[in-house]
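Only the coordinates and a few stated rules stand behind these numbers; no lab work does. These figures come from a predicted structure and were not determined experimentally. Cβ sites come from the backbone with ideal geometry, for glycine too, and all protein chains shown count toward neighbours.
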Amino acid sequence: MKHLLIVILFIMSFDWLNAQNPTIIYVGDPMCSWCYGFAPEISKVREALPDHEFKLVLGGLRPHGTETNADIGDFLREHWEEIHKRTGQPFKYDILEDKTMVYDTEPACRAVVAARNLNPEIELEFFKAVQDAFYAENRNMLDIETYLRIADEFELDSDQYRQTFDSEECKYETAQEFQLSSEMGIRGFPSVVVRHNGQLFLASNGFRTAEDLLRTIKNIQKEGN
C-alpha cells in the first residue's frame, strides 16, 4: 500500500522539517473535539515509539472564529456525545449552555506555542492540559487566566508566560503554524505525519486507534527502506 508523500514548498522557519531522524508529527488543535478523543491514542503511540522524536503542529481548527454556542451549540453537543461514546473521554457539557461563548481556537493554539517557547519539552503535555481545561473542566479559552493556571502547573514563570502569550511574535508564530498545516495538505484533525528518511508521509487524517496508527507507521517505514 502506497502512502501519500507530502511535499512542502514553503517550509518557512521550521528547520526541524529538514532533519533526518525518525519523527512523528502530530497536527491538531486543543479545541478540536476529535483531537481530545485522540489524546489517549497518541499517548500510546508515544509510549510505543520511544526512539522517535515527536513534534506538534498547531493546525488551527477555527482561528479567529466568530460563531457562538447559539450558532453551533447543538451540533457540538451531538459531536461531543458521539466522541465520548466512541473513546470514553470525559466531557462536561455545561459550557454549551453559555450561548454567548465564541468558538475561537486561536488563543488556545497560541497558549501552546507560548509554552513551547518557554520550554519545548512540555509542548505535548501542555497541549493535553489545555484540552482537559476546555472539555473536562469547561474553562474559558478566551481568558488568559486559564492558561496562566496551566502554566503555573508546569512551573512556568507567570509574568514571562503572559508576556510571551501577548506578544506579536507569538501571534505570528501561531499563524505560521496554521500555514504550515495548510502547506502539509492537512484537511482534518487530528492528523499524523511520519518523517522517514527525510521525507514526510501522511499516516492519518482523522481519528484512528493507536494500534491502527502504529501499523500504518510501520508500513511507511518498511516501504521507505
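When Rg and Dmax are taken over the Cα atoms of the range 169-219, they come to 12.9, 39 Å.
If you take every residue apart from Leu17 with its C-beta less than 13 Å away from the C-beta of Leu17, what net charge results, scoring Lys and Arg +1 and Asp and Glu -1?
Numbers: positive: Lys55, Arg195; negative: Asp15, Glu53, Glu177, Glu183.
Net local charge, Leu17 excluded: -2.
Where the alpha-carbon atoms of the chain are placed on the principal axes, they occupy 52, 39, 30 Å, in descending order. When the charge dipole of the chain is built from unit charges on Cβ atoms (+1 for Lys and Arg, -1 for Asp and Glu) and taken about the Cα centre, the candidate among Thr100, Gly59, Ala203 whose Cα reaches farthest toward its positive end is Ala203.
Taking 4.7 Å between C-beta atoms as the pairing limit, the chain has these partnerless cysteines: Cys109, Cys170. Of all beta bridges that DSSP places with both ends in the chain, some 70 percent have antiparallel geometry. With coordinates expressed along the principal axes, the C-alpha atoms belonging to the range 89-143 extend over 36, 22, 12 Å, beginning with the largest. Percent of alpha carbon pairs in the range 93-225 separated by more than 20 Å? Every Cα pair in the range 93-225 considered, those over 20 Å come to 56 percent.
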